[in-house]
Amino acid sequence: MEKKILVVDDEDYQRELMQKLLSKLGYNVSVVESAEAAFSLLERERFPVIITDLIMLEMDGLEFCQKIRESDDKTVVIALTGHADLYEPEKIRAAGFDDHLSKPFRIETIKQALIDGFEVFQRRVKT
Ligand SMILES: [Mg+2]
């Protein structure tokens, strides 16, 4: 399986950081600055794992994930936020997220979340 990850974040710094970090971990990373940009990319490309910021202008991460779930229950979608307190865990789960990480995060945490995420995706596409 291709180790492709899509990162959605409206902050330049955060996109650069994720691009560097996840590439170092051996993943093939694409980054976009908005949910809208993500959807246009998703029309052409499939990603087993998507990591998205929650607080973004226009469409926020919750709405983004809900929209993905309307047609896709296989992709693993992980929320990444620096304001975990603004979003109740139940709300994040209810939006259809598989996992939730807070910024700043430990490299080990994201490493494990991605290993788990790709395993979950693989199980989902098999069944
Ligand atoms: Mg943001």
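The values are calculated or read from the model by the stated rules, or taken from the named source; none is laboratory data. What you see is a predicted model; the values in this text were computed from it and never measured. We place every Cβ from the backbone using ideal geometry, glycine too, and count neighbours over all the protein chains shown.
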Name the one entry in GLU108, GLU45 that is surrounded by fewer than 18 Cβ atoms within 10 Å (Cβ to Cβ), in a helix (DSSP H, G or I), away from the ligand (no atom under 16 Å from the Cβ) and not hydrophobic (A, V, I, L, M, F, W, C). GLU108
Here the qualifying pairs (Cβ atoms under 6 Å; residues six or more apart or on different chains; first in segment 10-22 and in contact (Cβ under 8 Å) with a residue 40 or more places away in the chain; second among the aliphatic types (A, V, I, L, M) and more than 13 Å from the ligand (Cβ to nearest atom)) come out as LEU22/ILE5; LEU22/VAL29
Quick check on segment 63-81. Is at least one of its residues within 12 Å of the ligand (Cβ to nearest atom), under 17 Å from ALA37 (Cβ atoms) and part of a helix (DSSP H, G or I)? yes
Of (1) of a type in the set (Lys, Arg); (2) over 21 Å from ASP116 (Cβ atoms); (3) surrounded by fewer than 18 Cβ atoms within 10 Å (Cβ to Cβ); (4) at pLDDT 95 or above, ARG15 fails just (3)
Here's a check for you: in segment 22-42, which residue that is farther than 16 Å from PHE118 by Cβ and away from the ligand (no atom under 16 Å from the Cβ) is surrounded by the most Cβ atoms within 10 Å (Cβ to Cβ)? LEU42
